[in-house]
Every structure is written in C-alpha cells, then in structure tokens.
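Read through the structure below, which is laid out as structure tokens, and then see the notes.
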C-alpha cells in the first residue's frame with residue numbers, strides 16, 4: 001500500500017485576483033501556487049432541494065443528495081473560477097465542503113480553472129466551451 005499525503009483542508013494565503021478572461025470574469029493567481037496546495041474554498045448559502053430546482057443561479061454546487069451550495073454572492077471568489085478542459089485545479093468534496101486544490105504548479109498571472117463536467121458545458125454553455133484550450137478552435141471556426 002502506497003502512503004499518500006493527507007490533504008490539508010485549509011486554503012493557503014494566496015493572492016487571487018478577479019480579472020477579465022476569455023469566458024467573462026475569471027480568477028487569476030497573483031503569486032505562485034504550488035502543486036497540491038489548497039487554493040480556496042467554494043462557499044455560499046446552503047439551499048433546499050426546492051430552491052435548487054427553482055433557482056436560476058449558475059453557481060449551484062451539489063455536495064450530495066441533501067446539500068447544495070449557492071455560490072452566487074460576489075464575496076465567494078471561487079465562483080470566478082472558470083471551466084477548463086485543461087484544468088490546473090481540481091475539486092475535492094470533504095466534510096460537506098468544497099475545496100479547490102492545485103493540480104500542478106500555477107504561475108502568477110495564470111487563470112485558475114477546473115473541469116465543470118460535460119453536463120454543465122452542454123446545459124449552460126450550449127456545448128461551446130470558451131476555455132483557453134477550446135476558444136482558439138471556436139475563433140478559427142467562425
């Protein structure tokens with residue numbers, strides 16, 4: 001059995017900046033972030049199942065069948081992390097909370113991104129991804 005390092009569920013004190021990105025606003029590293037670091041927590045108000053189905057929010061994060069977070073408030077900086085088909089971050093759900101970890105070393109000025117999943121891209125982005133990997137393809141096709 002291989003010893004895997006235990007995750008530390010406490011975001012580092014990283015400087016993160018909300019700026020213009022290819023898909024609207026995005027969250028960018030303002031300093032180096034090391035691989036494996038806990039970058040930020042996705043936070044917001046817990047909503048009921050009924051609210052989840054009637055909500056127009058695009059910032060809903062379903063933790064499990066009983067818990068969904070509405071991350072729409074602007075003070076939730078993690079809401080600005082865009083979808084990426086070549087992500088530098090990954091989501092980990094632990095203890096009923098959503099944590100974003102660096103998948104690799106992230107350089108200052110680099111936009112943070114994680115894979116939202118095919119269902120989200122199809123439903124909310126009309127199947128047209130605007131991430132840095134896919135946007136150049138979309139521009140060439142136009």
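If you look at just the Cα atoms of region 16-141, how large are its Rg and its Dmax in Å?
Rg, Dmax (Cα atoms, Å): 14.6, 44.
In whole percent, what relative contact order does the chain give with Cα contacts below 8 Å and a gap of six or more residues?
27 percent.
Could you give me D for region 69-142, from Stokes-Einstein at 20 °C and 1.002 mPa s, where the hydrodynamic radius is the Kirkwood radius over C-alpha pairs? Units µm² s⁻¹, please.
Estimated diffusion coefficient is 157 µm²/s.
In a GNM of the chain with a 10 Å cut-off on Cα contacts, which of 13, 111, 90 has the highest mean-square fluctuation?
13
Subtract the Cα-Cα distance of residue 126 and residue 75 from 0.36 nm times their separation in residues, and report this length gain in nm to one decimal.
15.6 nm
Report for the chain the percent antiparallel among DSSP-assigned beta bridges with both residues inside it, nearest 5.
Rounded to the nearest five, the antiparallel share is 95 percent.
Which part of region 34-50 falls in the paramagnetic zone of residue 104, meaning amide N under 17 Å from the point 7 Å along Cα-to-beta-carbon?
34-37
Based on the alpha-carbon gyration tensor of region 36-102 and its eigenvalue square roots a ≥ b ≥ c, which shape applies: rounded if a/c is under 1.5, prolate if not and a/b is larger than b/c, or oblate?
Here region 36-102 falls in the prolate category.
No lab work stands behind these numbers, since they all come straight from the coordinates. From a predicted model like this one, the values you see are computed outputs, not experimental measurements. Ideal geometry is used to build each Cβ from the backbone, glycine not excepted, and the neighbour counts take in all protein chains shown.
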